[in-house]
1. So if I place +1 on the C-beta of Lys and Arg and -1 on the C-beta of Asp and Glu, and nothing else carries charge, what would the dipole magnitude of the protein assembly as shown be about its Cα centre? I want it in debye, nearest 20.
2. Of B:L26, B:V45, B:F91, which is farthest towards the positive pole of region B:9-152's charge dipole, taken about the Cα centre with +1 and -1 on the beta-carbons of Lys, Arg and Asp, Glu respectively?
3. Using the Kirkwood formula over every pair of different C-alpha atoms, what hydrodynamic radius in Å results for the protein assembly as shown?
4. Please list, or write none, the aspartates and glutamates whose alpha carbon is within less than 14 Å of the alpha carbon of A:K71, excluding same-chain residues fewer than 8 places away.
5. What size of dipole, in debye to the nearest 20, comes out for chain B about its Cα centre when the only charges are +1 on Lys and Arg C-beta atoms and -1 on Asp and Glu C-beta atoms?
6. Mind pulling the angle between the C-alpha long axis of helix B:21-39 and the longest principal axis of chain B? Nearest 10 degrees, somewhere in 0 to 90.
7. Specify the residue with the greatest mean-square fluctuation among A:I40, A:I82, A:I54, computed from a Gaussian network of chain A linking alpha-carbon atoms under 10 Å apart.
8. Where the centre of each part is set by its Cα atoms, how far does region A:21-42 sit from region B:1-75, in angstrom?
Amino acid sequence: MVREVSESCMDSLLTEIVSSYCNRFYATKPELAARRIEAIGYQVGHQLTERYTIERPRFNDHLEAIKFICKDFWFELFKKQIDNLKTNHRGTFVLQDNKFRWLSRVSVDPSVEISGAAQEPSVMSENKSAQATGLHLYFPCGIIRGALSTLGIPCAVTADISNLPACSFVIRIKV
Amino acid sequence: MAPAVPRSGDAIFANVERVNAELFTLTYGAIVRQLLTDLEEVEEVNKQLDQMGYNIGIRLIDEFLAKSNVTRCVDFRETAEVIAKVGFKMFLGVTASVTNWDTEGTSCSLILDDNPLVDFVELPDTCQGLYYCNILSGVVRGALEMVSMKTEVTWIRDMLRGDDAFELQVKLLKQVPEEYPYKDDE
């Protein structure tokens, strides 16, 4: 049987990573805090991928590796698969999770309509709750980057939350 | 007779949302690793892990009280049993045993034979002095403080340091009387 812990344990750790790095260690240097949180995720993605691919044949191309992330890997982490995968066939992949678990308990200031079409991107980034939500995404972005790097695919990963509670991860493969 | 307090957290653990423990264990490991890089001093890492635990404990107690249905413990002995059998079980899926009571009943040890935080963990020589699981002591201290008990929580034995179990000593320093923010006649 697979060992499990309560989801609150994981949620608590994530909250504490973000608050320790952003409010205590690097309170005045948000970019550094972001980079450290991403690094923690990278390490986790790297180690998990090594474990989950031990008995698998090598992936033949990028798409196969990305599909592994969307299906098996995501399932191990969230007990569901990525809901939608898009690609421009030139090295960019968009993975959408319609109800991303790690954001489901992050509260968003109801007075600000984040998903509103009229919102200017610049206004959005000034909104504190959107910023706080963003901080929670460096960790999963790091996990995905760590996972793909371990599979031999260097890439950059960003997240888009303009459609909460859906979350899209944008993977740009470096050529 | 006091109402029956759940003597085990099995049923609660079976009903909460759970995640793959590997993810949790590796995430904790990655945090410790990153803290060692960023803070450099092992002492400081111990301190920060304890602080993170404390912050978690003061929040987790709410979930514990809401889901466990435990009523007020009659004494610290009962408190320790509830932490070991219900608290550890409902969050980490393992139980601890309670031993080494002092004669006053204010200090005891929680013993963990099985600890999901340390699966896959081996400490290199450069990490001497690190209390790898220090987050746990912080959680216990933080949670108890929210129910009016000031405690001191220290590691006595640590398997990562070659001991045969994890032993966490919990010492009750002071019981803070509850102060209500309201008066009865208002």
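Each value in this text was obtained by applying a stated rule to the coordinates, not by laboratory testing. Predicted model, so just to flag it, every value in this text is computed and none were measured. With ideal geometry, Cβ positions are generated from the backbone for all residues, glycine too; neighbour counts draw on all protein chains shown.
1. Values: 38 positive and 51 negative charges, 255 e Å.
Magnitude of the dipole: close to 1220 debye.
2. Going by the charge dipole, the pick is B:F91.
3. On the way: mean 1/r = 0.0451 Å⁻¹.
After inverting the pairwise mean of 1/r, the radius is 22.2 Å.
4. A:D83, A:D97
5. Details: 17 positive and 32 negative charges, 89 e Å.
Result for chain B is approximately 420 debye, rounded to the nearest 20.
6. 70 degrees
7. Of A:I40, A:I82, A:I54, the Gaussian network model singles out A:I54 as fluctuating most.
8. Going from one Cα centre to the other spans 23 Å.
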